[in-house]
1. Quick one, could you list the DSSP H helices from the chain stretching 24 Å or more along their long axis (Cα atoms) with average Kyte-Doolittle hydropathy of -1.0 or above?
2. Given a cut-off of 16 Å, what percent of all Cα-Cα pairs of segment 37-146 lie beyond it?
3. Over 21 Å between C-alpha atoms is what I'm after, so list which of Lys46/Lys70; Lys33/Lys86; Lys65/Lys190 land there.
4. If you project the alpha carbons of the chain onto the principal axes, what extent comes out on each, in Å, largest first?
5. Can you tell me which aspartates and glutamates have their Cα less than 17 Å from the Cα of Lys87? Leave out same-chain residues fewer than eight positions away.
6. Give the peptides 170-178, 25-33 in descending order of average Cβ contacts within 10 Å, highest first.
7. Quick one: length gained pulling Leu60 to Trp38 fully straight, 0.36 nm per residue minus the C-alpha distance?
8. Over segment 4-206, what is the mean sequence separation of C-alpha contacts under 8 Å (at least six apart), divided by residue count, expressed as relative contact order in percent?
Amino acid sequence: MKKEFYRRNLPHYQPLGGTFFVTFNLVEAIPLKVLKEWNKEFKIQKKSIELFSSNPAEDLDKLSKQDFAKRDKYLDAAQNGENWLKKDEIAQIVSDSIHFWDKRIIDLFCFCIMSNHVHLVFRILDINEVDSPKYLDEIMHSIKLFSAKKCNVVLGKTGQFWQHESYDRLIRNDDEMIRILIYVLNNPVKAGLVKSHEEWKWTYLAERFKSVI
C-alpha cells in the first residue's frame, strides 16, 4: 500500500514499509519570506527540468538534494528564530516523543536533535507488522503535536512550536541509507559543535547499525 500527497507540486510517495529521511525545524527557524522565495525558485527549476531535461527523474532528484542542502545550511547557521532545542529539557521531550513510536508504528534507525531542527531516519511499519499502520504525514503530525504541547508547557508559551513545512525523502537503497545515517550523525561535527558524533548528547543510532557506521 502507498499513499500519495503533493507538496510544492511534487508527488511524494508514502509507501508502508518505506524508509524515510525527515528534517523538521522550529517555527521561524527559516522565515516564511525566505521559504516562499525558495519555493518560487524551486518551481521555476522544476518546470525547466520537465520541459528540457533528457533525464528528468535524475535531475529532479538532484534538485531535491540541492533544496535540502540549502535548507540544512541555513538551519545549521541558526541565524533566525529561537533555539529552544538547546535546552536539555526540551531536547529530552523531543527525543522521548520520537522513541515513543518506535516499534509501535515505526522502526527507528537514527536521529539528531540540533538547536533548531531535527534529522530523523525510520522505516514505517506495514500492515503485516502492526494492526493500524500510519503514513508518513500522520506519523510526523503525531510526533510534532505531542512534543509541541509538552515543550510549550515547559517554556510557558502557547502557539506554534514547529514549522509546518518539513523535508522528507524516501530512501531507495541500503547504500543511500548508510550515507544518510552518517550525514545525520555528523551534523553536529559539520556545524563545528563537536569533534566527533559520539560527543553530541542528542543523537541516537539503533544498535544494529553501529557496526557499519
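Read the figures in this text as sums done on the coordinates, not as results from a lab. Since this is a predicted model, take the numbers as computed values, not measurements. Here the Cβ positions follow ideal geometry from the backbone for every residue, glycine too, while neighbour counts run over all protein chains shown.
1. Working: long enough: 32-52 (30 Å, -0.59); 56-77 (32 Å, -1.30); 136-155 (28 Å, 0.54).
Membrane-span-like by this criterion, though nothing is claimed about a membrane: 32-52, 136-155.
2. Numbers: 4144 of 5995 pairs.
In whole percent, the long-distance tail amounts to 69.
3. Lys33/Lys86
4. The Cα atoms of the chain stretch 50, 43, 35 Å along the principal axes, largest first.
5. Filter leaves Asp76, Asp96, Glu199.
6. Working: 170-178: 13.2, 25-33: 17.7.
Highest to lowest by the protection proxy: 25-33, 170-178.
7. Length difference between fully extended and current span is 6.4 nm.
8. The value is 32 percent.
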